[in-house]
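Taken together, the values in this text are just the output of simple stated rules run on the coordinates, not laboratory data. Keep in mind the model is a prediction, meaning the values are calculated, not measured.
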Amino acid sequence: MVAHEVGWQDLLAHPDVTEVVELRSAFGLMAFHGGVEAGTSEIARLAARASGASLYAVDQPAGLRWHVPSKLVDPADSPALAGFLGHVTAAVALHGYGRPRPPHAVLVGGTNRGLAEEVAGAIRAALPDALVVDDLTAIPSRLRGLHPDNPVNRVAGGGVQVELPVGLRRDWTREVADALAVVARRGSPPARVRPAVRRPGRPPG
């Protein structure tokens, strides 16, 4: 099955795909292309657990690499995702890209531009040598994360999509996670901690 034929329901039904939701504060970290976009779910986990933020992640095993476009990641196909989106009021989704231009920039998109500025500022402070782009006009249109069906934009306060190049995901995992944790703490009101729920892929049908 090639990537463009795979729907979100198909991906979650795969027996080796794991969907994770941890409901804590009203600020959420997301990484639903884990495994395909290496390092994103690891960064989201570190940031969420360091800050007390909620987490939604989907991890694929090595060799699978089914990429479902963000606009097709539908909470109607996932009670876990629907519960996460109903719990949080703001969210940051982590993605990875490998396009040649720009080769090393962090691209900060999404519909919540105020939060995007905070995220960009925190990453600049943590990684002063990194190029961080939060001007939407300077971000390739397909990486802006503005589609209303993108799950990060479905939360009440809107969301932020962070596109990370390979080098930062590989070599600066802790620094990026720490920067996101700073933002999450500021935006995370106290909330009752709920136990983590880990659910493997559902059987087809």
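Just a few scattered comments:
- Ellipsoid equivalent to the chain - semi-axes via the Cα gyration tensor, in Å: 24, 20, 15
- Against the compact-protein benchmark of 2.2 N^0.38 Å, the Cα-based radius of gyration of segment 12-112 scales to 1.06.
- Average Cα contact separation per residue, segment 3-200, under 8 Å, 6 or more apart, as relative contact order %: 32
- Summarising the overall dimensions of segment 116-169 from its C-alpha atoms, the Rg and Dmax are 12.0, 33 angstrom.
- Value in Å of the Kirkwood radius, where segment 19-73 supplies the Cα pairs that are averaged: 11.4
- Remark on residue 31: its backbone amide H falls under 5 Å from those of 56, 57, 58, 94, a criterion applied only to residues 5 or more positions apart or on other chains, H modelled at 1.01 Å from N.
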